[in-house]
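Notes follow once the structure below has been shown.
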Amino acid sequence: MKRKLQIGVMGSTSDLNYSGKVDALAGKIGELIAKSGNIIVYGAEKDFDSLSTSAARGAKKFNGLTVGVTYGKGKDIYDKNNTDVIISSGLERGGGREFVLVNSCDAIIAISGGSGTLTEIAIAYQLNVPIICLKGVGGWSDKLAGSYIDDRKRMKCIIAKNPKEAVALAIASAKAKTKS
């Protein structure tokens, strides 16, 4: 049996006041990851809802497997009902937890995003984990879509125009990377 791909979904927490439309797009990404038979990996927040959590909810509606990586100690997270596996990193926000999260992914999909998402994108770049950026949703995914993170030009942040394209690109990029 082939190992399922672990697709990360990174995005804004609710304190950035994203729209209901962007929230629905995140849920659709989770749904499509579940329907593809792969695993969603996301940053499980303790204190806020988030676009990543919306993606996990979308996946659970279609019996997808969800893995939440949280900061600090303990498994007390914002949305326990839609998370099958909780990984308590014992690390704090701002790099430690994000490293564990991204290093557990075969590809990541960024949806909007603030400083935490930017950190996750930078870590993915350093680890050569494919980065898919949903365009048209604000935040860092809009700013970095189609761009290189630095002058090394290792890999571009791949532009996706909609959830279907984002998931398809994440799967294709992850499969291509696992073959190399």
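The values are calculated or read from the model by the stated rules, or taken from the named source; none is laboratory data. Just so we're clear, the structure is a prediction, and the values are computed from it rather than from any experiment. Cβ sites come from the backbone with ideal geometry, for glycine too, and all protein chains shown count toward neighbours.
Per-residue answers, yes or no, for (1) closer than 17 Å to residue 6 by Cα; (2) touching a residue at least 12 places away in the same chain (Cβ under 8 Å):
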| position | (1), (2) |
| --- | --- |
| 80 | no, no |
| 86 | yes, yes |
| 95 | no, yes |
| 99 | yes, yes |
| 110 | yes, yes |
| 132 | yes, yes |
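Among the candidates 88, 12, 54, 19, which residue alone is within 16 Å of residue 141 (Cα to Cα) and in contact with a Gly (Cβ under 7 Å, 6 or more places away or on another chain)? Can you show your working first?
Numbers: 88 fails: within 16 Å of residue 141 (Cα to Cα); 54 fails: within 16 Å of residue 141 (Cα to Cα); 19 fails: in contact with a Gly (Cβ under 7 Å, 6 or more places away or on another chain).
The unique qualifying residue is 12.
Taking first residues from region 142-171 that are within 24 Å of residue 30 (Cα to Cα) and free of Cβ contacts under 8 Å to residues at least 40 places away in the same chain and partners that are of a type outside the set (A, V, I, L, M, F, W, C) and exposed (fewer than 14 other Cβ atoms within 10 Å of the Cβ), the Cβ contacts under 8 Å between residues at least 6 apart in sequence or on separate chains come to 156/146; 156/147; 156/148; 158/146; 159/146. Scanning region 53-74 for residues that are surrounded by fewer than 20 Cβ atoms within 10 Å (Cβ to Cβ) and aliphatic (A, V, I, L, M) yields one hit, 65.
When each of 27, 37 is tested for being at positive phi and of a type outside the set (A, V, I, L, M, F, W, C), the lone residue that passes is 37. Hey, any hits in region 10-29 for a residue that's assigned to a strand (DSSP E or B), closer than 17 Å to residue 135 by Cα and either modelled with pLDDT under 95 or within 14 Å of the chain's Cα centre (by Cα) (or both)? Checked against the condition, which is being assigned to a strand (DSSP E or B), closer than 17 Å to residue 135 by Cα and either modelled with pLDDT under 95 or within 14 Å of the chain's Cα centre (by Cα) (or both), region 10-29 yields at least one hit.
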